[in-house]
Protein chains: 4
Amino acid sequence: MSEQIERLQVGIVGASGYGGVQLVRLLQDHPAIEIAYLGGDSSAGKNFADLYPHLAHVVNLPIEPIDVVTIASRCQVVFLALPNGLACELAPQLLAKGCSILDLSADYRFSDLDIYSQWYKIPRTDRETAAMAVYGLPELYRAKLANAKIVGCPGCYPTASLLALSPLLKQGLIDTNTAIIDAKSGTSGGGRQAKTHLLLAEADNNFTAYSVAGHRHTPEIEQICSDLASHEVKVQFTPHLIPMVRGILSTVYATIRDPGLVTEDLIVIYKAFYRSSPFVRILDGGVYPQTKWAAGTNLCYIGVEVDPRTGRVIVMSAIDNLIKGQAGQAIQCLNAMMGWDETLGLPQMSFYP
Amino acid sequence: MSEQIERLQVGIVGASGYGGVQLVRLLQDHPAIEIAYLGGDSSAGKNFADLYPHLAHVVNLPIEPIDVVTIASRCQVVFLALPNGLACELAPQLLAKGCSILDLSADYRFSDLDIYSQWYKIPRTDRETAAMAVYGLPELYRAKLANAKIVGCPGCYPTASLLALSPLLKQGLIDTNTAIIDAKSGTSGGGRQAKTHLLLAEADNNFTAYSVAGHRHTPEIEQICSDLASHEVKVQFTPHLIPMVRGILSTVYATIRDPGLVTEDLIVIYKAFYRSSPFVRILDGGVYPQTKWAAGTNLCYIGVEVDPRTGRVIVMSAIDNLIKGQAGQAIQCLNAMMGWDETLGLPQMSFYP
Amino acid sequence: MSEQIERLQVGIVGASGYGGVQLVRLLQDHPAIEIAYLGGDSSAGKNFADLYPHLAHVVNLPIEPIDVVTIASRCQVVFLALPNGLACELAPQLLAKGCSILDLSADYRFSDLDIYSQWYKIPRTDRETAAMAVYGLPELYRAKLANAKIVGCPGCYPTASLLALSPLLKQGLIDTNTAIIDAKSGTSGGGRQAKTHLLLAEADNNFTAYSVAGHRHTPEIEQICSDLASHEVKVQFTPHLIPMVRGILSTVYATIRDPGLVTEDLIVIYKAFYRSSPFVRILDGGVYPQTKWAAGTNLCYIGVEVDPRTGRVIVMSAIDNLIKGQAGQAIQCLNAMMGWDETLGLPQMSFYP
Amino acid sequence: MSEQIERLQVGIVGASGYGGVQLVRLLQDHPAIEIAYLGGDSSAGKNFADLYPHLAHVVNLPIEPIDVVTIASRCQVVFLALPNGLACELAPQLLAKGCSILDLSADYRFSDLDIYSQWYKIPRTDRETAAMAVYGLPELYRAKLANAKIVGCPGCYPTASLLALSPLLKQGLIDTNTAIIDAKSGTSGGGRQAKTHLLLAEADNNFTAYSVAGHRHTPEIEQICSDLASHEVKVQFTPHLIPMVRGILSTVYATIRDPGLVTEDLIVIYKAFYRSSPFVRILDGGVYPQTKWAAGTNLCYIGVEVDPRTGRVIVMSAIDNLIKGQAGQAIQCLNAMMGWDETLGLPQMSFYP
């Protein structure tokens, strides 16, 4: 890409966490983007390289206080990588000043704000802004993203789970009330804040479920499932913590409505469904995704198996929770918004091993 | 225990693998047992301490060739820790010579040998011996074990899964055809043979399912489930590989028949069911088992949660795959056979962290 | 041990951290000890099982506020497992009331309190108490421990390093100013307080040195080295963080004074030096210690190699940093103080793998 | 880079191992190169995607038998990623047919083939070819690489160690016979062949030294050190295995000749020495390299500390053993050979965490 082409000026609010550092890392290599602003709260005043010394040779930017006027004066697009409940205060102001928004928190993922407030215990008054927001899963909402001014990027668990379930729901292939999502995530999903249970000494060589029957990604998954199925869907969702850094594997179970369907049929259906989705890779029969394959990339690997003994389909999906499950997906959404190739600037090959 | 009491003389055939080293380690500390023989095939002629130098100061025994006459002349009880298909050749001979047998392989777990042969591709002619064998899960078959001469010790996945499911099946609390077992194991379950996919470089920071809809522990689980439910039960069983050494977590899903049951009801039922089982610990509501809690012990921790939104119960069980899932359980069975306290010589407190 | 024998009543102050949980775990199994008191500061009022649910079936004790009168009324011996600078306030009071003290912090490790104050930035006024304290490395100070009322238990790095160096220093075999200790520790050495750099997401698949040329264990190591060599010794000490939970490996380098010495000579010397030390295992030539061998035990494995090309000896020592490097060693010291067998109640066989 | 420019046609012999997959991954993204041939021995006949399914969407190449005529007919440059002792048979033939060679094995690293034969137990007859070979560490031999036809790429340990030591040796700052290299590597350095001690179950949560005083990288390091110092240098080199996948940290000790030198002086010297080396990053005082910073990149991070108490300098260097320590460095060498920008196609930002 020639030097003369003007790069899109973008800002990142919440640059110090894992979402922030992924965005900085990926946008730094994006051929059509220039980072014009990094903002933070507790980290304001520091240099980004103080927090991540290994990037000092490529990123020489200060973390500035979060100021809407400053941001809007420099940025056409703003990524918000903040704890839940902060984006909904910033976004309306930034939109009013002409910025486009990609929000990585839960704030703009819900079409029904009452459900958001019920699960997140945060009251909301920005209904007008929320109504404009598009759910940032390009594989499902590519067309809407093309005209979006504000995008609520999905959580890491919903991304993996919805990509596994969507073809089944869209085609009406399963008994929807049988859907069970047994999901497993590396500990980086818990962020960079120090928490005892995420210490290596606690989490390594350990495996456990958490938030059983009550995780906040449940209503988010159900909203999109219901949209796809065109009727209300309830899913069982159980997250687990894997003793590793990056990656999510979702193992999804559902009873097939047509007992005649075999594994190969479903692989054909999945491949067709994701034909225009360069980041979704449907695996051959008998091959199951490994999280390591996706690490460091924006890819989602999907394996499908029908069990004729039980009449169920088992779908497994693997992503990098911090890329396709977070920062990479936000950039993919931006690519879609700008009309660029969806893969622009996004890694497609994992380092292995 | 006074020095004068005569210790039971036991042998271990297959002492070089992980099953063997666990047995040696545990039996060495058992107050009523003395190891009288270690046998192996490829490792015969070596000293045990050549394979496990860290035990040289406590175990000074050679690994001898596998010879039935020698074994029977020295041992009252024999542990067989061999690949599938070898115990069924040795056991009849050892029984004939008066030895009692604890087999850690799959050979004596099946009441129907045709099912064994179908899943393991090994023909069988020892029907009489197999008919004598008791399934070595003391929590379910304690009474039968008291009179057993040969015990087929359960696999690691069946142990964790059956302890989670048994109260539900026995009491008829669930719709049995909805049972799904999403199980996860550390890589030591794959044994000490060098295999590429179990290399640290491959398996670390990686998570994947395997043998989906086809793992050989499925018929073993179904046999016991059917026995408990008094009708044929089919389960969905999916194993996964966790990037860690030891431990299994089984997450079990099933639809409850009585929609009025709540979490606390089930905890009461579970506690009652396992009242006489010192190694099963039912956790309080909202507490979920962690594999690290069980590491190095013969314990099984169980957490229970009813999801009123979906009408399902989610049961999680955690064990050490090499102790309660293998060597420790065999010793627990032996304790039951001998009429000793079931906990004799078995660790009940994990080192943490 | 018969029930009639009266068990020694002990207390643990600072029961909530990793030092505390190891002590509880080990003392619970010790045949001559009963835990009579658990104390804590921020955790006071909780039950021990709230912090460590996996021990609920064996430990049913509250964590009480730290009160000297209460402690002394119940306990003959008190373990202090507190941050540096707190034991030196409690110990004089407890001693005055007749308690014996085993301190796991740095407070009573130094014969020269000025060096302590210089490195730890904590002023000291308890010179009389400090003068009574014995350095709690039984392999070197067994005789003194027999009469000790207060013991300053060594840090984890000094334990591993000193056991590797002592025979060389005591026998005058090396040029002392060439001693370099390149030490590596699992992250549990950093304790249970949540710190960002000890998160699994940061520390896993990562390896780094820290406190280079300035770690506070340096003067502690030098004090004992100087004592052994009978002249002032300066060592180079560099700690590193290993991406794992437990264990320390110290790799020690020094130039040999007599160029004719070979590996086997030194192994003989080491075996003789540690002849009466049941927890130190000198390995055969060409065998090097692995931290996993020591995990969960109070053992120290030592490997020795002379490099005739360079005239140096390389000594490697492996311990479990939380047992021989902390809680186990404190109990070993207590055994020595009480005139009991030094190994009483202390594990000598690692679970492997 | 425009489509019209002709890409350099390269082949990879030994494509199935970790060296091979890194090369494929990196070359696939290199803007001036096209992979024209993949060769293997035991893997010949398979597709590359059979071995590495996660790359199936970008690499659709068969692994072909190793045939010199075929290779030379298609490739201008050939990477040899084979076990030691095979390149020295292939390279003379390929050179004769006009190919340039980048060898990743030990075969062409030695200026004195007798030393090679002594340490590797492999006789050699290709003295003429070996005499042409340039040691592939661009930071030291950039000029020679510009005209090289055959390059012996350094091992992973030598790369990390030499980059840490070179400024000290070149400037005569240290007493060379005091140099000690305590090096630590992730287990991927052991390759993809299944070996018991590299199993996750064995190597995880474990740390050990190996090949103490006898590792084959010692003479390779000494050869280059001697070249830099202009006199014969002997070093102490001790490798250790870290329980993680990728990365090497070398901790290097040496006594400084001028006792007045302080840390900041050396940092200035190091920065000057590596001024033209874009992949070497000298860290500020008090900042020490972490292997995770380098993972997935061709970078080497170096931290320097002078200890005024002991008169030593401690230098720490971190690299990704499979990139800067293997495949990336080979590509960097090729860039130098071709007169391209040394950084072309090579990653400079790690994904973090």
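The values are calculated or read from the model by the stated rules, or taken from the named source; none is laboratory data. Just so we're clear, the structure is a prediction, and the values are computed from it rather than from any experiment. Quick reminder, even Gly has a Cβ in these numbers, built from the backbone with ideal geometry, and neighbours come from all protein chains shown.
With aliphatic (A, V, I, L, M) and touching a residue at least 60 places away in the same chain (Cβ under 8 Å) as the only criterion, which of D:VAL287, D:VAL280 stands out?
None of the others qualify; the one that does is D:VAL280.
From the list A:LEU102, A:LEU82, A:LEU55, pick out the single residue that is out of contact with any strand residue (DSSP E or B) (no Cβ under 7 Å at 6 or more places or on another chain) and modelled with pLDDT of 95 or more.
A:LEU55
Filter the stretch B:244-287 for residues that are among the basic types (Lys, Arg) and closer than 15 Å to B:ALA164 by Cα and give the result.
B:LYS271, B:ARG275, B:ARG281
Quick check, is A:ALA130 within 26 Å of A:GLY17 (Cα to Cα) and outside any loop (DSSP other than H, G, I, E, B)?
yes
Would you mind finding the one in C:ALA213, C:ALA201 that is at pLDDT 95 or above, at the interface with chain D (Cβ under 9 Å from one of its Cβ atoms) and closer than 19 Å to A:LYS195 by Cα?
C:ALA201
Kindly provide the set of residues from the stretch B:165-198 that are away from chain A (no Cβ under 11 Å), assigned to a loop (DSSP other than H, G, I, E, B), of a type in the set (Gly, Ala, Ser) and touching a residue at least 60 places away in the same chain (Cβ under 8 Å), ordered by number.
Passing the criteria: B:GLY172, B:GLY191.
Condition first: farther than 27 Å from D:GLY247 by Cβ, surrounded by fewer than 24 Cβ atoms within 10 Å (Cβ to Cβ) and not assigned by TED's automatic domain parsing to the domain that holds D:LEU82. Can you find one or more residues in the stretch D:160-168 that meet it?
no
What are the pairs with Cβ atoms under 6 angstrom where one residue, in the stretch B:52-66, is at the interface with chain C (Cβ under 8 Å from one of its Cβ atoms) and the other, located anywhere, is β-branched (Val, Ile, Thr)? Sequence gap at least six, or different chains.
B:TYR52/B:VAL21; B:PRO53/C:VAL287
Among what's in the stretch B:237-262 and is within 14 Å of chain A (Cβ to nearest Cβ) and assigned to a loop (DSSP other than H, G, I, E, B), pick the residue that is nearest to B:ASN177 (Cα to Cα).
B:PRO259
Which strands (runs of 3 or more DSSP E) sit wholly inside the stretch C:263-328 and have at least 1 residues that are modelled with pLDDT of 95 or more, farther than 20 Å from C:ILE248 by Cα and away from chain B (no Cβ under 12 Å)?
Because the criterion is at least 1 residues that are modelled with pLDDT of 95 or more, farther than 20 Å from C:ILE248 by Cα and away from chain B (no Cβ under 12 Å), the strands (runs of 3 or more DSSP E) in the stretch C:263-328 that meet it are C:300-307, C:312-319.
Could you list, in sequence order, all residues of the stretch B:218-236 that are in contact with a Lys or Arg (Cβ under 8 Å, 6 or more places away or on another chain), within 14 Å of chain A (Cβ to nearest Cβ) and within 13 Å of B:SER161 (Cα to Cα)?
B:GLU222, B:GLN236, listed by residue number.
Scan the stretch B:303-335 residue by residue and report those that are buried (at least 23 other Cβ atoms within 10 Å of the Cβ), in contact with a Lys or Arg (Cβ under 7 Å, 6 or more places away or on another chain) and of a type outside the set (S, T, N, Q).
B:ASP320, B:LEU322 - these are the residues of the stretch B:303-335 that are buried (at least 23 other Cβ atoms within 10 Å of the Cβ), in contact with a Lys or Arg (Cβ under 7 Å, 6 or more places away or on another chain) and of a type outside the set (S, T, N, Q).
Kindly provide the set of residues from the stretch D:263-277 that are over 22 Å from D:ASP182 (Cβ atoms) and more than 24 Å from the chain's Cα centre (by Cα), ordered by number.
D:GLU264, D:ASP265, D:VAL268 - these are the residues of the stretch D:263-277 that are over 22 Å from D:ASP182 (Cβ atoms) and more than 24 Å from the chain's Cα centre (by Cα).
Restricting to the stretch A:24-50, what's the tally of residues that are among the aliphatic types (A, V, I, L, M), over 22 Å from D:LEU283 (Cα atoms) and within 12 Å of another protein chain (Cβ to nearest Cβ)?
Number satisfying all stated conditions: 2.
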